[in-house]
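Colleague: Sharing a structure here in structure tokens format.
The values are calculated or read from the model by the stated rules, or taken from the named source; none is laboratory data. Quantities reported herein were computed from a predicted structural model and do not represent experimental measurements. Don't worry about glycine lacking a Cβ; one is built from the backbone with ideal geometry, like all the others, and counts go over all protein chains shown. The area values use the complete protein model at the heavy-atom level, side chains included, leaving out ligands, DNA and RNA. Shrake-Rupley method; radii C 1.70, N 1.55, O 1.52, S 1.80 Å.
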Amino acid sequence: MTDTDSNGRPGDVSNAADDRDPLFARIPRRDFMKAGAATGALTGLAGCTSLLSSEENATAAADVDASVPPGEHDEYYGFLSGGHSGEIRVYGIPSMRQLMRIPVFNRESARGYGFDDETRGMLEDAGGYTWGDTHHPRVSQTDNDYDGRWAFVNDKANGRMARIDLKYFETDAIVDVPNQQGTHGACCMLPDTKYVFGVGEFRVPMPNDGRDLDDPDSYTSNIAAIDPETMNVEWEVLVDGNMDNGDGGKNGRWFFATGYNSESAVTESGMSESDTDWVKAFDVPAIEEAVEAGEYEEIGGVPVVDGTRDSSLNEGDRPLVRYLDVSKSPHGVSVTPDGKYAIASGKLDPTCSVIDIEALGEVDDPNEAVVGRPSLGMGPLHTAYDGRGHAYTTLFIDSQVVKWDIEAAVEADAESEDPVVEKIDVHYNPGHLIAAESYTAEPAGDWLISLNKLSKDRFLPVGPVHPENDQLIYIGDDDAGMELVKDTPAYAEPHDASIVHKSKLEPASTYDPADPELDPVGVDDVDIQREDGRVDVKMTSQRNQFGFEDITVQEGDEVTITVTNIETTADLLHSMAIPEHDVNIKLAPQETRKVTFAADEPGVYWMYCAFFCSALHLEMRSRLLVEPAE
Ligand code: K7E
Ligand code: CUA
């Protein structure tokens with residue numbers, strides 16, 4: 001581990017992916033250091049950052065001020081997915097300080113999420129699973145800019161999509177997407193978030209009810225169009241092959257999805273056999289017309305439109321889905337800020353495919369819309385933008401971020417390396433990357449985060465499970481080049497992120513008691529009602545007491561306690577926890593929560609407050625007295 005190569009990377013790093021993933025091991029490595037040097041000279045840059053030693057890198061980084069002094073706020077919110085932790089993390093950018101975690105598909109005790117009746121019911125109604133796999137947090141937009149209303153995120157594990165209310169930074173809706181397994185890509189239909197799309201990755205029989213178990217040819221995957229207000233699945237489109245990532249065009253017409261299994265195989269070698277796979281371009285208005293005209297089959301309560309290649313709906317001059325051949329097993333796809341191109345990363349091929357979106361509606365052969373195919377390096381996965389005509393693509397195998405010129409790639413020959421402007425080493429193998437406001441029409445062009453899958457020797461060892469490494473890179477100075485500024489250890493496992501300027505969000509500092517969902521308990525409403533084994537308690541909480549000193553119930557009673565935190569001061573949280581009853585609700589100022597539990601064991605149980613709320617916080621407790629049954 002102490003051996004490092006000329007780039008300051010441990011000597012074993014370049015082969016890390018090869019060790020783990022036989023798929024990548026089959027790809028011959030090439031010397032991209034040379035390519036970097038050549039393009040550095042070509043574009044007249046002082047030098048390629050990837051050629052600097054680690055000390056030089058550190059010196060360069062000192063020029064960029066990413067410090068956020070104590071007491072000052074960050075410029076941006078970063079919403080990072082938490083992968084199979086099932087949550088979203090909120091970071092301040094550029095400090096990379098973790099500000100908050102938003103539980104989504106996971107039960108989370110610090111916020112009482114999944115413990116009160118409402119959030120527990122929401123998780124139960126959405127399938128009752130206890131975990132999820134969040135990958136793609138996307139923030140709603142109006143007119144191609146963040147509107148601060150919601151974030152959406154997928155659950156790849158259980159085929160779901162969740163909505164997070166950005167007023168309260170809380171998950172407020174989850175839909176279990178019918179007919180879809182492995183909901184992977186997630187993104188908004190722009191300019192105005194007409195739909196949230198869930199992209200089905202795992203091909204399964206449709207419906208998946210035990211039929212066609214061993215007939216993979218009949219499996220399908222689909223995209224689901226979800227209404228962001230109602231979270232209702234409006235329609236789905238079946239396709240050939242599978243799908244992976246997706247992104248919406250900026251003008252309400254196209255939606256793009258990559259797929260790595262045009263072979264429709266069920267084994268790794270089968271899925272990576274073909275040298276090309278598809279980007280599918282969905283013509284959304286044409287699909288809406290087909291749904292309107294009743295040209296669908298209803299499956300699982302959802303209108304499902306046939307977008308496979310043989311479908312009659314794909315005949316004529318307005319096919320619903322266009323299949324574009326792009327290089328091997330593409331992974332990420334993202335639309336450029338100006339809406340001109342969709343860029344799909346080759347993953348098992350060193351090139352990205354640049355798709356001319358306007359041409360797509362005009363050409364007979366959709367492949368003619370592929371207007372650029374720059375050779376970028378090994379294992380291109382995802383692409384972000386600075387709004388100055390550059391694209392930044394992660395290279396998983398090379399462990400680099402490559403900056404390249406989009407228009408130069410359109411002008412250059414296929415597989416040319418000339419569009420490459422610069423490469424920078426990241427530590428180590430990067431998955432997604434995200435630039436500030438990259439998914440809008442006007443990216444900020446200053447900060448970029450590379451979400452790296454491995455950290456190896458970057459942090460103190462903490463046992464065999466290492467943190468991931470999210471690295472902050474400054475991209476605001478085209479002359480000086482990219483500068484690595486910060487390492488940030490991350491708990492497994494961020495995939496994608498969205499970075500939103502702070503001016504676009506208006507988080508509430510307390511709950512709004514007028515919110516009809518809350519139904520608050522006022523001081524005059526404090527009450528206990530008993531009827532047929534049901535006990536209904538309404539109470540308040542404030543420094544330093546609950547509405548009752550004692551609550552007496554009978555063994556076997558079903559008890560519902562509704563509590564309002566009647567504090568009006570920001571940041572004065574209480575909670576109500578009851579030992580040995582799995583009861584734990586969080587109460588922010590003016591928040592009301594309800595919890596129902598069975599009082600099954602006679603005894604004394606101290607209800608207490610778990611947020612340290614004042615000098616008398618420890619004294620903030622009341623007794624739940626459960627009397628033995630006669
Ligand atoms: Cu590349 Cu789910 Cu967008 Cu992971 S995905 S990295
Ligand atoms: Cu209320 Cu501690």
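Colleague: What is the distance in Å between the Cα centroid of region 579-630 and that of region 206-224?
Modeller: The two parts, judged by their Cα centres, are 48 Å apart.
Colleague: While we're here: Peptides 75-84, 241-250: what's the order by average Cβ count within 10 Å, highest mean first?
Modeller: Top of the packing list down: 241-250, 75-84.
Colleague: Loop only by DSSP, 11 or fewer other Cβ within 10 Å of the Cβ. Give me the chymotrypsin sites (Phe, Trp or Tyr not before Pro) in region 557-630 that pass, ordered by residue number.
Modeller: 612
Colleague: Post the alpha-carbon centroid distance, region 368-404 to region 301-342, in whole angstrom.
Modeller: 21 Å
Colleague: Which FRET efficiency value, to the nearest 0.05, is calculated for residue 416 and residue 506 with the Förster distance at 51 angstrom and r the Cβ-Cβ distance?
Modeller: 0.65
Colleague: Do any of 167/504; 280/340; 423/486; 280/328; 194/504; 340/453 go past 21 Å between their Cα atoms, and which?
Modeller: 340/453
Colleague: Rounding to the nearest 10 and keeping the result within 0 to 90°, find how far the Cα-based axis of helix 32-42 lies from the longest principal axis of the chain.
Modeller: On a 0 to 90 degree scale, this one is about 70.
Colleague: Still on this model: Using only DSSP helix segments of four residues or longer, with each worth -39500 (n - 2.57), what per-residue ellipticity at 222 nm results for the chain after dividing by its residue count and rounding to 500?
Modeller: One gets -2500 deg cm²/dmol as the mean residue ellipticity at 222 nm.
Colleague: Separate question: Taking region 255-290, which GluC sites (Glu not before Pro) meet the DSSP loop condition and have no more than 15 other C-beta atoms within 10 Å?
Modeller: 273
Colleague: Here is a further query. Run through every distinct alpha carbon pair of region 173-256 and return the Kirkwood hydrodynamic radius in angstroms, one decimal place.
Modeller: 13.2 Å
Colleague: How high is the relative contact order of region 481-630, in percent, with contacts defined as C-alpha pairs under 8 Å that are six or more residues apart?
Modeller: Normalised by residue count, the contact order of region 481-630 is 23 percent.
Colleague: Simple spin-label model, 7 Å along Cα-to-Cβ: residue 519 to residue 211 in nm?
Modeller: 4.2 nm
Colleague: Indicate, rounded to the nearest 5 percent, the antiparallel portion of the DSSP beta bridges found entirely in the chain.
Modeller: Given both bridge residues lie in the chain, the antiparallel proportion sits at roughly 90 percent.
Colleague: Tell me, what is the per residue accessible area of region 59-157 in Å², probe radius 1.4 Å?
Modeller: 39 Å²
Colleague: Here's another thing I want to ask about it. Given the Cα-Cα distance of residue 534 and residue 97 and 0.36 nm per residue of separation, how much length would full extension add, in nm?
Modeller: Taking 0.36 nm per residue and subtracting the Cα distance, the gain is 152.7 nm.
Colleague: Of all DSSP beta bridges located in region 457-583, what percent are antiparallel, nearest 5?
Modeller: Here the antiparallel bridges make up roughly 65 percent for region 457-583.
Colleague: Summarise the long-distance tail of P(r) for region 492-630 by giving the % of C-alpha pairs beyond 24 Å.
Modeller: Value for region 492-630: 38 percent of Cα pairs lie more than 24 Å apart.
Colleague: Would you mind listing how long the chain runs along its three principal axes, going by Cα atoms, in whole Å with the largest first?
Modeller: 84, 62, 42
Colleague: Sticking with this structure for a sec: Leaving out ligands, DNA and RNA, and with a 1.4 Å probe, what % of the accessible surface on the chain is carbon or sulfur?
Modeller: So the carbon and sulfur contribution to the accessible surface is 47 percent.
Colleague: What is the sum of charges around residue 297, taking Lys and Arg as +1, Asp and Glu as -1, for the other residues whose C-beta is under 12 Å from the C-beta of residue 297?
Modeller: Around residue 297, the surrounding residues sum to -4.
Colleague: If I take every Cα pair under 8 Å that is 6 or more residues apart in region 118-244, average their sequence separation and divide by the length, what percent do I get for the relative contact order?
Modeller: Relative contact order here is 19 percent.
Colleague: Turning to a different aspect of this structure: How do the peptides 550-557, 321-328, 159-166, 304-311 rank, highest first, by the average count of neighbouring beta carbon atoms within 10 Å per residue?
Modeller: So the order, starting with the most tightly packed, is 159-166, 321-328, 304-311, 550-557.
Colleague: With a cut-off of 8 Å between alpha carbons and a minimum separation of six or more residues, what is the relative contact order of the chain in percent?
Modeller: For the chain, the relative contact order is 11 percent.
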